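Data first, discussion second: the structure below is written as structure tokens.
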Amino acid sequence: MSNFRPLLPQPPSPLRTESTPMARGFLTLRAKFSLFVSLVIVLACSSLSGYLIQQEAEAMKGALLKTGIILVKTLNRVSVNRLIIQDTHYLETMLDGALSAPEVIYGIARDQNGHMLVGKSKGKLVNTTRLTRDETRPIFPDDSLTEGLLTSAPQPSTIEPLVTVLHTSPLKEGLLSDRSAERKGAEKFRIGSETIYDFALPVYRQDRRLSTIELLSAENLQDSLTVPPKPSAIIGIIQIGITTTYMQQSLNHTVWHIGLLTVGIILVGILLTILLANRIVTPLQHLAIASQKIAEGDLSVTVTADTQDEVGQLTTSIDQMARALQQREEAISHYVHTITKQVTQLSTLHQTGIVITSTLDVQKLFSTVLKLLRKNLGFQRMILVLQNPGGTKGMVSDVSGVPMELEKQIRHLEFPTNPGSIDETLLIHGRPVLAYDLEEIAHQVNPLLLPICRQMGVISFVCAPLLSHQRVLGYLGADRGSQRCTQEDLDLLLTIGNHVAVAIDNAQAYEEVEKLAQTLEERVKERTQDLQSANERLQELDKLKSSFVSIVSHELRTPMTSIKGLVENMLDGLVGNLNDRQSFYLERMKYNIERLTRMINDLLDLSRIEAGRMDLHRSAVNLGSLAREVVETLQSMAQERSLTLEAHISTPIGFIQGDRDKLIQIFTNLINNALKFTESPGTVTVEVKERDDGMVQVCITDTGCGIPLGEQQTIFERFYRGQSSEMKNRGAGLGLAITKSLVELHGGSIWVESTPGEGSRFCVILPLIPSTTPS
């Protein structure tokens, strides 16, 4: 084989990282990953492309050499007799047939002396792109190339053509294979940029000439050409030249296609590498940024996991950590704000108490208290209205935070208590008022005060009645300027109002005592004693009230929870084994603690309902599903009492708009009562169905003792305990009252149907959502 080397595409030069800004500092993880994988892709694709191109070039070269050998051997076989008689016409026709192949550019028939008998040439290559030749400028190899063939001795078993690679001037470059001793070598010449393989084969005289019929009837042309002749003497030489131009052009196309494919694969690989790097590194960068922000104290940062791998798990953990830290920070801020607010309120109450106990001068007391409350509690304006002894009029006793000209206009202003007005609600009924929007209740505001309120820019206000000994002494009003008042403001003002009412009652009582002292000394002493007793009684009641609330909220519920936990621990055997009597007593303790806890919770719920502070968190609720859930929850209780608890849910059941937790409380109370007042064996049935009037009806029916007709109208009242039921089944009398209030808050109603000795049926109806789709 020759030293033929195709022109391979050079791989792209590596990235010059020293010129990039990243090299001046450091390479990021994305850059390192992308650079490494891209370099691997470039090297792999370049090596594979070079290997493929080299293999294709070798295959083309082998095919070209094989074609030349077959062609020169064929011409050798058919030209033996014609060379003997030197039939130049036949030889020209033969060579013209050989030149019809595009790769063959010349053909020569030489005599036994090596002189050219016939020569055919396509001419010199003049256009390497279109591969056109100039026939007027024929090209032939030098005669010296065939001199060795004339002088060498014939060897029948190894007669092979001499393959020579030719250049413009003869230049011996070496043999094509290791068979140089067998008349085969490699020489080449170039015509411009053209490389030509010269095939020369001597023609020997044969003892028996193959006929054309024998030649064509051979099974394989190659086999027929390789039949070893029996040479005797050289009668001529057949010489052809095959150009590599067509092969090179085909190889160039192949190189171009492989190069484009390689570049495409490299670009796609680099793009996929960048995308993969972004997929891996971008979440890490987000995590780094989020961690930096968290370290700097910004807990509002949010990171979202896009994958489920380790990076996604790390992202989720950091996001959960940030959320937990943020919630803890918000909780701490809320606690600090609440504590600060409560401290301020307690401080104000303390200072108010000091002012109340330090003077009995009514005007001085009013002025000092209003200024103190306005300063410490954040109210912008405050007003104190007292009721006349007849209860038909109100009088502005004092104001604070009002301009001087308006203060003169308002102070000591008297106005009647008109029916349906806010004054009637406060002074006659003694109920507090929260006016979220002044204009919405403008028709209820006293016409003497409404223009003044508008002139001062009042948009919202709260009023708390001053109650003492079941008497309404007046009311205390306040607003927050451009801010709207809230329920919290009303609760605070109610607390302050109780203290102010006590102070006013004490001051008025003291004034009455002074007036009586002018006429009758004994009456003065009696009144003084009554006043002191009343004062002590009021203070004691106030202390008892505060103590009760404190006990309920802190000193009672918390210890009961601890006691219940200790009892449960003892029942679980944490302090050792218990005998039957100990277990019985502990179970009774646990039962009574739970009963007392429920009573306290009922009291607190009832107080919230009465104060209008029971908030409902409404959502779409399916009563069928909810009733089935409550029945499943209470099945264990029914089984303990050997009762049958079943549910009959009609379909379809639409949705209502209600508080799910409060609805569960309603039906739990009703089913609990049914189970409690039903003896074994008995049945409690829960029925849910839609009515034609757009309501959902839920009925709880039991086979218990029933309710007398005289008690059916009073069982929903607060603290009412049925007289016909056994003492063990009586509760605090709050469950049905709370249930009725919760039902009414949902816009529904509740009633009872009962026959003594046969059972009871409690029914609740609640409105459906108009646009709901039954399910």
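Part of a loop (DSSP other than H, G, I, E, B) and of a type in the set (V, I, T): does that describe V369? Answer is no for this residue. What about Q635, is it open to solvent by 60 Å² or more (accessible area, probe 1.4 Å) and touching a strand residue (DSSP E or B) at 6+ places or on another chain (Cβ under 7 Å)? No; evaluated as a whole, the condition is false for this residue. Pairing each residue of segment 482-493 that is touching a residue at least 24 places away in the same chain (Cβ under 8 Å) with any residue that is open to solvent by less than 20 Å² (accessible area, probe 1.4 Å) and of a type in the set (D, E), provided the two are 6+ apart or on different chains, yields C-beta distances under 8 Å for C485/D479. Among residues of segment 365-409 being surrounded by 14 or more Cβ atoms within 10 Å (Cβ to Cβ) and of a type in the set (K, R), the one that is farthest from the chain's Cα centre (by Cα) is K393. Modelled with pLDDT of 85 or more, in contact with a Gly (Cβ under 8 Å, 6 or more places away or on another chain) and open to solvent by 40 Å² or more (accessible area, probe 1.4 Å) - does that describe any residue in segment 710-719? Looking for residues that are modelled with pLDDT of 85 or more, in contact with a Gly (Cβ under 8 Å, 6 or more places away or on another chain) and open to solvent by 40 Å² or more (accessible area, probe 1.4 Å), one finds none in segment 710-719, hence no. Looking only at residues in segment 562-581 that are free of Cβ contacts under 8 Å to residues at least 12 places away in the same chain and open to solvent by 70 Å² or more (accessible area, probe 1.4 Å), which one is farthest from M637 (Cα to Cα)? Going through the qualifying residues, I end up with V575.
Residues checked against (1) open to solvent by 50 Å² or more (accessible area, probe 1.4 Å); (2) in contact (Cβ under 8 Å) with a residue 12 or more places away in the chain; (3) charged (D, E, K, R):
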| position | (1), (2), (3) |
| --- | --- |
| N672 | no, yes, no |
| K676 | yes, yes, yes |
| V688 | no, yes, no |
| D693 | yes, no, yes |
| Q697 | no, yes, no |
| G704 | no, yes, no |
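Could we say that L426 is closer than 20 Å to H499 by Cα and within 53 Å of the chain's Cα centre (by Cα) here? In short, yes. Pairs linking a residue in segment 745-759 that is at positive phi to a residue that is part of a strand (DSSP E or B), with Cβ atoms under 6 Å and 6 or more positions apart or on different chains, are G747/P767; G759/D702.
When segment 410-424 is filtered for residues that are surrounded by 16 or more Cβ atoms within 10 Å (Cβ to Cβ) and among the polar types (S, T, N, Q), the ones remaining, listed by number, are T417, S421.
Is it fair to say E587 is within 30 Å of E511 (Cα to Cα), modelled with pLDDT of 80 or more, open to solvent by 50 Å² or more (accessible area, probe 1.4 Å) and not polar (S, T, N, Q)? So E587 does not fit the description; no. Restricted to strands (runs of 3 or more DSSP E) entirely inside segment 562-664, those with at least 2 residues that are of a type in the set (G, A, S) are 618-622.
When segment 46-78 is filtered for residues that are in contact with a strand residue (DSSP E or B) (Cβ under 8 Å, 6 or more places away or on another chain), polar (S, T, N, Q) and either open to solvent by less than 50 Å² (accessible area, probe 1.4 Å) or over 19 Å from I105 (Cβ atoms) (or both), only N76 remains. Close contacts from segment 413-441, counting a first residue that is touching a residue at least 60 places away in the same chain (Cβ under 8 Å) and a second that is open to solvent by 40 Å² or more (accessible area, probe 1.4 Å), with Cβ to Cβ under 7 Å and a gap of 6+ residues or different chains, come to P432/L494. Of everything in segment 464-509, what is surrounded by fewer than 17 Cβ atoms within 10 Å (Cβ to Cβ) and closer than 17 Å to N388 by Cα? Give them in sequence order. Residues satisfying the conditions are H469, Q470, R471.
To keep it simple, each residue is scored yes or no on (1) open to solvent by less than 60 Å² (accessible area, probe 1.4 Å); (2) modelled with pLDDT under 75; (3) of a type in the set (A, V, I, L, M); (4) part of a helix (DSSP H, G or I).
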{"site": "S291", "(1), (2), (3), (4)": "yes, no, no, yes"}
{"site": "V303", "(1), (2), (3), (4)": "yes, yes, yes, no"}
{"site": "D306", "(1), (2), (3), (4)": "no, yes, no, no"}
{"site": "D319", "(1), (2), (3), (4)": "yes, no, no, yes"}
{"site": "E330", "(1), (2), (3), (4)": "no, no, no, yes"}
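Which one is farthest from A288 (Cα to Cα), of the residues in segment 24-45 that are among the hydroxyl-bearing types (S, T, Y) and crowded, with 18+ Cβ neighbours inside 10 Å? It comes out as S38.
Only a single criterion out of (1) in a helix (DSSP H, G or I); (2) open to solvent by 10 Å² or more (accessible area, probe 1.4 Å) is not satisfied by L427, namely (2).
Could you grab the pairs with beta carbons closer than 7 Å, sequence gap of 6+ or different chains, first residue in segment 266-285 and under 14 Å from L39 (Cβ atoms) and assigned to a helix (DSSP H, G or I), second one open to solvent by less than 70 Å² (accessible area, probe 1.4 Å) and at pLDDT below 75? Partner pairs satisfying both residue conditions: A277/R30.
The values are calculated or read from the model by the stated rules, or taken from the named source; none is laboratory data. Computed from a prediction, not measured in an experiment: that's the story for all the values here. No Cβ is skipped: glycine too gets one built from the backbone with ideal geometry, and neighbour counts run over all protein chains shown. When the accessible area is computed, the model is the full protein with side chains, heavy atoms only, and any ligands, DNA or RNA have been set aside. Shrake-Rupley method; radii C 1.70, N 1.55, O 1.52, S 1.80 Å.
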